[in-house]
Amino acid sequence: MNNFKGHISKVQVSGTMSIVSVTIQENLVWKVIVIETPDTAPYLKVGEKITLLFKETEVILGTGDTANLSIQNRISGTVTQIKKGTLLSNVVVNTTLEEVSATLSTEAMQQLQLKEGLNVTIMVKLNEIMLSEV
């Protein structure tokens, strides 16, 4: 399980759902959608320390220009390790925050021509992230 630590910087509510903005570091804000509101989950308040959790299978890797994608949660890094399997491969990416592990099909890994030292963009959809109180 991958994780980043940060603090809640904004909560937008609509009905029983919220989009929570989490500032991970200066100029790096990720968004998460939860089926909670500040009324049902008291930890959903600005300034609250929080951990973002996301599975290796939820990480999308991109090379080159990834600007025209709808995925807002992204960070750049460098591939540091590849464990190639028959069907699935695991790719470890070093970012300015933490190492991130991604599991993807070996075919996709080969199509992207991933190799150690390659710069990539890590992306995670807002509905694939869980929040955990610190």
Checklist entry - Can you tell me which of Leu52, Leu44, Leu88 is of a type outside the set (D, E, K, R) and within 18 Å of the chain's Cα centre (by Cα)? => result Leu52
Checklist entry - Which one is modelled with the lowest pLDDT among residues in region 95-134 that are polar (S, T, N, Q) and within 27 Å of Ile19 (Cα to Cα)? => result Thr96
Item to check | Among the candidates Ser70, Ser101, residue that is under 18 Å from the mean Cα position of the chain (by Cα), among the small types (Gly, Ala, Ser) and outside any loop (DSSP other than H, G, I, E, B) | outcome: Ser101
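Go through Ile19, Ile24, Ile50, Ile33 for me and flag whichever is within 18 Å of Ser76 (Cβ to Cβ) and aliphatic (A, V, I, L, M).
Just a single option satisfies the conditions, and that option is Ile24.
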Item to check | Sole residue being touching a Leu at 6+ places or on another chain (Cβ under 8 Å), surrounded by 13 or more Cβ atoms within 10 Å (Cβ to Cβ) and not in a strand (DSSP E or B), chosen from Thr37, Thr51, Thr78, Thr121 | outcome: Thr37
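Here is a yes/no grid of residues against (1) surrounded by fewer than 15 Cβ atoms within 10 Å (Cβ to Cβ); (2) free of Cβ contacts under 8 Å to residues at least 60 places away in the same chain:
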| position | (1), (2) |
| --- | --- |
| Phe4 | no, no |
| Pro42 | yes, yes |
| Leu61 | no, no |
| Ser70 | yes, yes |
| Lys84 | yes, yes |
| Leu88 | no, yes |
| Val92 | no, yes |
| Thr95 | no, yes |
| Leu104 | no, yes |
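Does Lys49 fit the bill of being closer than 30 Å to Leu88 by Cβ, in contact (Cβ under 8 Å) with a residue 40 or more places away in the chain and basic (Lys, Arg)?
no
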Checklist entry - Looking at Ile19, is it within 24 Å of Thr95 (Cα to Cα), β-branched (Val, Ile, Thr) and part of a strand (DSSP E or B)? => result no
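The values are calculated or read from the model by the stated rules, or taken from the named source; none is laboratory data. Given the structure is predicted, the values throughout are model-derived calculations rather than measurements. Every residue, glycine as well, gets a Cβ built from its backbone with ideal geometry; the counts of neighbours run over all protein chains shown.
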